[in-house]
Structures are given as C-alpha cells and as structure tokens.
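Okay, so here's the structure we're looking at.
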Amino acid sequence: MSHVQQRDVPVAQALTWTSVKFLQHMPGDLTLMPTEKVRFCEAVSRAAEGEWILTPETVCCAGAQRCFGWLKGADRDLAWNLADKLQVSATTAGTAIADVPILPERFEAVWVGTDTAPDVYVAYVLPETAMRIARSWQRIYGTSLPVRVSGIMSVCGSGVVNSYVNHTISLNFGCPDSRRYGGIGCEQLVVAMPADLLTKMRRTSEDSDVLFSGG
C-alpha cells in the first residue's frame, strides 16, 4: 500500500508513506518503467500496484520534468500556460513558478514505491494527521513548522523536491492536476519530508507508531 486512503479509516490507523528515491544512474532492471507516460503524482497514487522507475521519457507532466531538472529553459512557456489557467499576468505566474525548487543535481531517474531507504517520503493525509505531524515538529525543534503553501506542482516540486532541497516538511493542498490525476481525496492534504527527518520524528514522537511507520 503506497499511501493511506483515509476517507473511511480513523486517524489512529497507521499512516503508510510512499517512498521516492532519486537515481543518478539508470537501474539495470527496466521492467519497472511504465508502459505509458504518467504524471509523477499519478505514480505516487498508484505505487500500491508496484514499483515505478520514472525517466524524462515516461513523465508527461512538464511541471514535474522541470522540477526534476529534466526540462531546461521552459519556465517562460510554463508561465504562459499557468497565467492562462489562473487568469493572471505572465509575470505573476512566472514568479510563482520560480518559487518552486528544482533538483540541484543531475538524476537519470526517479524511483517511486515502498523502499526502506528513500530520499523522501510522501503521503496524502487528513487535516488532523497534518496537525499531529506539525506538533511532532514543534516537539523536536521548539518552533512552528515553517510552511510555504503553493498551489502549483504540489506533489512533485512544492512537495517532494522542496523537502529534498530544503530539508524540511512540505505541506500543501495539492493542485488541480494532482487532484484530478494524482488520487488526492477532496479532504486530503499533501505532506512530504526527507527520509532522515521522518526517522528522527519516529524516534521522538508520541504518535510514532501511527504517523511515522514508514521510516
């Protein structure tokens, strides 16, 4: 099971996280590559079906390609498309896009599944679960969780890549595409965090068995 579908289960049920690992080299086994192009958020939502190896050729979402460093110099075109969707100026859309981080290193592929040694964990959670995660952060660091909420590239860039680059918990409400294709429930939020941080929170949280069972 890649992530908990929490519509019909109590928050006390253990949350299972989807694992994401960035690969500098292509693995030898290419049978995990999708036979049709997919969005990254779609692969996350379907990780329960098996492991995924995603490459520039298999990811159909330009936003995810951009955040993974596979689409260079495309921010202007992305800004025009976003401006049309949001009914804002291209300048405003460009600022929003520039605020979403890009992987600083070159990776050949992205692995999505249930690996026990990933770079980042991601899950779709209920608001109460997000609250408990924020409280766990406060218990460890003694400060409020610094969250910058973006409504674009929510699972890929504003979620997973942001957590990897800035070593923090990412929390957002999804975006129209991820809610349409990525399996986010109408009452769920997106949360991502670096694997080592999840492990640390599991060791110190009063909700460790419920919230951080993937680490």
request  = Among the residues of the range 1-29, write down those that are among the aliphatic types (A, V, I, L, M) and either on the phi > 0 side of the Ramachandran plot or at pLDDT below 75 (or both).
outcome  = M1, V4, V9, V11, A12, A14
remark   = All-but-one check, C41 against (1) under 22 Å from C175 (Cβ atoms); (2) modelled with pLDDT of 95 or more; (3) open to solvent by 40 Å² or more (accessible area, probe 1.4 Å), failing number (3)
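Counting just the residues of the range 158-193 that are assigned to a helix (DSSP H, G or I) and of a type in the set (F, W, Y), which one comes out nearest to S45 (Cα to Cα)? Steps first, please.
So the first thing to find is which residues in the range 158-193 are assigned to a helix (DSSP H, G or I), and the list is 158-166, 176-181.
Pick out the ones that are also of a type in the set (F, W, Y) and you get 164, 181.
Working: Y164: 19, Y181: 9 Å.
Here the answer is Y181.
Based on what the data block shows, is P104 at pLDDT 95 or above and not aliphatic (A, V, I, L, M)? It would help to see each step written out before you state the result.
Numbers: at pLDDT 95 or above: no; not aliphatic (A, V, I, L, M): yes.
The answer is no for P104.
Would you check if there is a residue in the range 63-76 being of a type in the set (G, A, S) and surrounded by 18 or more Cβ atoms within 10 Å (Cβ to Cβ)?
Let us first name the residues in the range 63-76 that are of a type in the set (G, A, S), namely 63-64, 69, 73-74.
Checking which are surrounded by 18 or more Cβ atoms within 10 Å (Cβ to Cβ) leaves us with 63-64.
Yes, the range 63-76 has at least one match.
Counting just the residues of the range 92-114 that are of a type outside the set (A, V, I, L, M, F, W, C) and closer than 25 Å to A48 by Cα, which one comes out surrounded by the most Cβ atoms within 10 Å (Cβ to Cβ)? Walk me through how you get there before you give the answer.
Of the residues in the range 92-114, the ones of a type outside the set (A, V, I, L, M, F, W, C) are 92, 94-95, 99, 101, 104-106, 108, 113-114.
Checking the rest, the ones that are also closer than 25 Å to A48 by Cα come to 108, 113-114.
On the way: E108: 14, G113: 20, T114: 17.
Out of the qualifying residues, it is G113.
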inquiry  = Just to be sure before I move on: is I133 open to solvent by 50 Å² or more (accessible area, probe 1.4 Å), of a type in the set (A, V, I, L, M, F, W, C) and either in a helix (DSSP H, G or I) or closer than 30 Å to T58 by Cα (or both) in the structure I sent?
reply    = no
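Which of the following residues is over 26 Å from C61 (Cβ atoms), open to solvent by 30 Å² or more (accessible area, probe 1.4 Å), modelled with pLDDT of 90 or more and in a helix (DSSP H, G or I): D209, D196?
Details: D209 fails: modelled with pLDDT of 90 or more.
Within the list D209, D196, the selection yields D196.
Results for (1) in contact with a strand residue (DSSP E or B) (Cβ under 6 Å, 6 or more places away or on another chain); (2) closer than 20 Å to R148 by Cα; (3) of a type in the set (S, T, Y), shown as yes or no for each residue.
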position: E57; (1), (2), (3): no, no, no
position: R66; (1), (2), (3): no, yes, no
position: L86; (1), (2), (3): no, yes, no
position: G94; (1), (2), (3): no, yes, no
position: D99; (1), (2), (3): no, yes, no
position: A109; (1), (2), (3): yes, no, no
position: P118; (1), (2), (3): yes, no, no
position: V125; (1), (2), (3): yes, yes, no
position: R132; (1), (2), (3): no, yes, no
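The values are calculated or read from the model by the stated rules, or taken from the named source; none is laboratory data. Predicted model only: the values in this text are computed from it and were never measured. Cβ: placed from backbone, ideal geometry, glycine included. Neighbour counts: every protein chain shown. Note: areas computed on protein heavy atoms with side chains; ligands, DNA, RNA excluded. Shrake-Rupley method; radii C 1.70, N 1.55, O 1.52, S 1.80 Å.
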